[in-house]
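Since the structure comes first, as structure tokens, the remarks are kept for the end.
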2 protein chains.
Amino acid sequence: MEKEFPKPSVTVDMVIFTILEGELKVLLVKRALEPFKGRWAIPGGFVRIAESLEDAARRELQEETGVKDVYLEQLYTFGEPERDPRGRVITVSYMALSNADKINLSASTDAAEAKWFSVSELPKLAFDHQKIVSYAIKRLRWKFEYTSIAFSMLPEKFTLGQIQKVYEIVFEKRFDKRNFFKKLHSLNILNEAGVKSDVPHRPPMLYSLKKNVPEIMEIL
Amino acid sequence: MEKEFPKPSVTVDMVIFTILEGELKVLLVKRALEPFKGRWAIPGGFVRIAESLEDAARRELQEETGVKDVYLEQLYTFGEPERDPRGRVITVSYMALSNADKINLSASTDAAEAKWFSVSELPKLAFDHQKIVSYAIKRLRWKFEYTSIAFSMLPEKFTLGQIQKVYEIVFEKRFDKRNFFKKLHSLNILNEAGVKSDVPHRPPMLYSLKKNVPEIMEIL
DNA sequence: ACAAAAGTGTTGAGAGTACACCCATGC
DNA sequence: GCATGGGTGTACTCTCAACACTTTTGT
């Protein structure tokens with residue numbers, strides 16, 4: 001702690017997930033500058049000197065997507081000396097989950113070009129962003145299994161079918177409807193919230209997530 | 001990415017666990033300088049400009065404990081602007097697990113005073129180190145439940161009784177011997193490795209961990 | 001012989017998994 | 001009346017938890 005060392009730069013980078021067109025998507029922005037000019041990258045930026053890491057992540061998130069209240073979770077800090085050709089840049093990565101309806105990409109001011117990509121069809125990414133995205137997908141699956149974060153990708157009121165579909169997309173496999181609903185009911189985390197009646201078939205029950213549901217609780 | 005921002009400092013701080021005297025212990029060092037002079041803190045230091053985060057952690061670890069090969073895992077990055085009164089310091093925290101036999105505290109060159117503290121009797125810590133230690137304990141328990149990291153706190157050859165004791169210390173509760181051994185056997189991760197014969201009772205079988213055991217695998 | 005830890009099976013409860021049919025609505 | 005997703009129960013398997021006595025050694 002005695003002497004001054006040359007300092008690295010610190011950034012936050014974010015893997016923003018949503019469900020769109022029946023697929024798990026990640027938001028990418030096209031880099032306008034060197035290095036990796038023209039390549040796709042996950043959104044991020046430098047941490048300001050007086051702002052917390054999470055504040056930096058939320059600020060960047062809002063600049064890119066216009067969204068304020070999303071689930072946000074720190075993932076991992078990547079700090080290989082060679083990860084950025086411009087010099088030493090350590091990045092603290094975050095993942096964000098959002099409900100596609102809330103996001104208005106065109107309103108974003110920052111990035112010249114931002115686009116949703118299916119996780120199964122990602123382009124070549126800048127820096128070590130591929131590694132960050134892979135890590136985020138693992139964490140996402142893990143969290144889906146053990147917590148209720150899935151609900152942050154749904155509107156306030158949702159049907160059981162919608163939840164099941166989100167799980168099926170994230171895990172890339174089908175679940176048995178009866179077992180899935182049985183499990184959800186036994187967890188006792190849902191409130192009934194009317195019925196959805198503008199559908200061309202039997203009107204499904206709507207549910208909302210109970211308040212103060214503890215985060216860790218073994219969903220599947 | 002356009003302009004230069006004032007840069008924060010980046011440190012690594014480590015929560016080093018071991019089992020000693022039947023208790024879970026954490027290594028603390030007494031701070032020789034302000035701020036928090038005289039307070040206990042977890043060991044750590046600045047990340048050098050050309051070294052990776054993990055290299056920095058291993059270097060500090062060796063300076064403090066003289067130990068090279070330990071289990072090391074990144075935990076979380078703490079970056080509240082006010083966490084260090086000297087200015088903006090972001091710390092990447094790690095946890096290390098070691099087998100007490102391998103550590104020789106007196107050989108450490110760096111810290112004036114280093115001592116093992118039971119996690120149940122920690123003194124007031126410097127900075128936000130209490131938060132880091134609490135986080136590390138949670139992660140430790142979690143990893144014990146789902147992976148085989150416990151074995152890195154044991155010598156190469158160990159008895160079933162020793163493993164069980166480590167689990168009992170970490171979880172602060174007793175397990176049923178038969179169920180515990182049954183579970184371990186069913187995982188098929190142990191090799192028999194002779195018997196321990198210098199004991200004043202029936203000689204227990206020794207075991208060693210199989211090579212290439214996958215890290216995640218539902219232990220308990 | 002006694003102290004100390006090692007070793008070993010069975011039973012019951014609960015959770016997970018597999019599986020198929022009828023229902024209510026819009027068109 | 002037909003297409004579409006909604007909604008529901010039972011049987012089997014497997015895992016987890018509870019539980020007590022005998023064995024082998026050193027002293």
Practice item. Give the nm distances, rounded to one decimal, from B:ILE149 to the matching residue in every other copy, measuring between label points 7 Å along Cα toward the beta carbon; shortest first. Key: 1.8
Check your understanding: Which angle from 0 to 90°, rounded to the nearest 10, does the C-alpha axis of helix A:129-146 make with the longest principal axis of chain A?
Key -> 30
Point to revise | DSSP beta bridges in chain A [antiparallel fraction, %, rounded to 5] | key: 70
Practice item. Enumerate the aspartates and glutamates that A:LYS211 could reach by cross-link, defined here as Cα to Cα under 14 Å, with residues fewer than 8 away along the same chain left out. Key: A:GLU156, A:GLU192
Exercise for review: Would you mind telling me the share, in percent, of accessible area of segment A:149-209 contributed by carbon and sulfur at probe 1.4 angstrom?
Suggested key: 51
Check your understanding: Using a label point 7 angstrom from Cα along Cα-to-C-beta, what distances in nm, from shortest up, separate A:LYS68 from the other copies?
Key -> 5.5
Review point. Cα axis of helix B:160-171 to longest principal axis of chain B: angle in degrees, 0 to 90, nearest 10?
Key: 40
Practice item. With a 1.4 Å probe and every protein chain left in place, tell me how much accessible area B:GLU63 has, in Å² to the nearest 10. Key: 50
Check your understanding: Once the convex hull of the C-alpha atoms of the protein assembly as shown is built, how many Å³ does it hold per residue, rounded to a whole number?
Key -> 175
Practice item. Output ³J(HN,Hα) for segment A:42-58: one whole-Hz value per residue in order, computed from phi by the Karplus curve 6.51 cos²θ - 1.76 cosθ + 1.60 with θ = phi - 60°, and x for Gly and Pro. Key: 7, x, x, x, 6, 7, 6, 5, 10, 10, 6, 4, 5, 4, 4, 4, 5
Exercise for review: Can you work out the accessible area per residue across the protein assembly as shown, with the rest of the protein chains kept in place, probe 1.4 Å, in square angstrom?
Suggested key: 50
Review point. Looking at segment A:174-215, which trypsin sites (Lys or Arg not before Pro) are in a loop (DSSP not H, G, I, E or B) and have at most 16 other Cβ atoms within 10 Å?
Key: A:ARG174, A:LYS196, A:LYS210, A:LYS211
Point to revise | Shortest-first nm distances, A:LYS131 label point to equivalent points in other copies (7 Å, Cα→Cβ) | key: 2.7
Review point. Which order do B:VAL119, A:VAL15 take by accessible area at a 1.4 Å probe, largest first?
Key: B:VAL119, A:VAL15
Revision key, fill the gap. Classified through the alpha carbon gyration tensor (a ≥ b ≥ c as square roots of its eigenvalues; rounded if a/c is under 1.5, else prolate when a/b is larger than b/c, else oblate), segment A:65-147 comes out oblate
Exercise for review: State which entries of A:LYS25/A:LYS102; A:LYS25/B:LYS143; A:LYS143/A:LYS183; A:LYS138/B:LYS165; A:LYS138/B:LYS177; A:LYS25/A:LYS124 exceed 26 angstrom in Cα-Cα distance in the structure shown.
Suggested key: A:LYS25/B:LYS143; A:LYS138/B:LYS165; A:LYS138/B:LYS177
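Which shape class, rounded, prolate or oblate, goes with segment A:141-215 when its Cα gyration tensor gives a ≥ b ≥ c as root eigenvalues, a/c under 1.5 marks rounded, and past that a/b bigger than b/c marks prolate?
It comes out oblate by the Cα gyration axes.
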Practice item. Would you please name the GluC sites (Glu not before Pro) within segment A:146-183 that are DSSP coil residues with at most 16 other C-beta atoms within 10 Å of their C-beta? Key: A:GLU156, A:GLU172
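With a 1.4 Å probe on protein heavy atoms only, work out how much accessible surface B and A bury together, total over both chains, in Å² to the nearest 100.
Answer for the B-A pair: about 3100 Å² buried.
The values are calculated or read from the model by the stated rules, or taken from the named source; none is laboratory data. Since this is a predicted model, take the numbers as computed values, not measurements. Cβ: placed from backbone, ideal geometry, glycine included. Neighbour counts: every protein chain shown. Please note that ligands, DNA and RNA were not included when accessible areas were found on the heavy atoms of the full protein model with its side chains. Shrake-Rupley method; radii C 1.70, N 1.55, O 1.52, S 1.80 Å.
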